[in-house]
Amino acid sequence: MSKGRAEAAAGAPGILLRYLQEQNRPYSAQDVFGNLQREHGLGKAAVVKALEQLAQQGKIKEKTYGKQKIYFANQDQFDTVSDADLQVLDAKIVALTANVQSLQQSCRHMEAELKELTSAMTTPEMQKEIQELKKECAGYTERLKNIKAATNHVTPEEKEQATELSDAILEGYPKSKKQFFEEVGIETDEDYNVKLPDP
């Protein structure tokens, strides 16, 4: 056993007695070892030995459940709590529990609000989006203005008359419709990939 481990083992009874008195709840040797090992560097054997020693001296209580031994602080050292005191403590527990639930609910509301705020656009982002939409709107307005100002509109009636006329000519024309249009210099909507809406 190293010098450090030997010193820890020698001080184990005092450490374990303080721990059990402060916690005032039952523990197995494994529980005590797991809880104090990192902080005090106690080995499992030293913990078991110290607990048994304290129990023999009457400083702590030992109970056996099946194959496991449970250790806890001697309750004789603690003041007896009256029923009235217990009722006061119970009332405090109820009040604190209600307070905790209220705080948890407020926390959930705040978390939801925070999530909503973080997912929303920032003011600079909104300003940029507005500017882009204004540009887009101005572009559409300009296009609409140009369309309204155009003087070469063809009414559906005029288009139908032209179609009937060209069909009559094409009946006796030996070449294709496209070749005919090219020869006479007629430009169609298809040449410009324009699709007119149904009348």
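The values are calculated or read from the model by the stated rules, or taken from the named source; none is laboratory data. Remember, it's a predicted structure, so these values are computed and weren't measured experimentally. Cβ placement follows ideal geometry from the backbone for every residue including glycine, while neighbour counts extend to all protein chains displayed. The accessibility values were calculated without ligands, DNA or RNA, using every heavy atom of the protein model including side chains. Shrake-Rupley method; radii C 1.70, N 1.55, O 1.52, S 1.80 Å.
Quick rundown of the values:
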{"quantity": "Filtered residues of segment 104-132 (kept if of a type in the set (A, V, I, L, M, F, W, C) and open to solvent by less than 100 Å² (accessible area, probe 1.4 Å))", "calculated": "107, 112, 120, 121, 126, 130"}
{"quantity": "Restricting segment 25-57 to residues that are in contact (Cβ under 8 Å) with a residue 12 or more places away in the chain and not in a helix (DSSP H, G or I), the residue that is surrounded by the fewest Cβ atoms within 10 Å (Cβ to Cβ)", "calculated": "25"}
{"quantity": "Of all residues in segment 74-92 being over 30 Å from residue 52 (Cβ atoms) and open to solvent by 100 Å² or more (accessible area, probe 1.4 Å), the one that is modelled with the lowest pLDDT", "calculated": "83"}
{"quantity": "Residues located in segment 66-121, provided they are of a type in the set (A, V, I, L, M) and part of a loop (DSSP other than H, G, I, E, B)", "calculated": "81, 120, 121"}
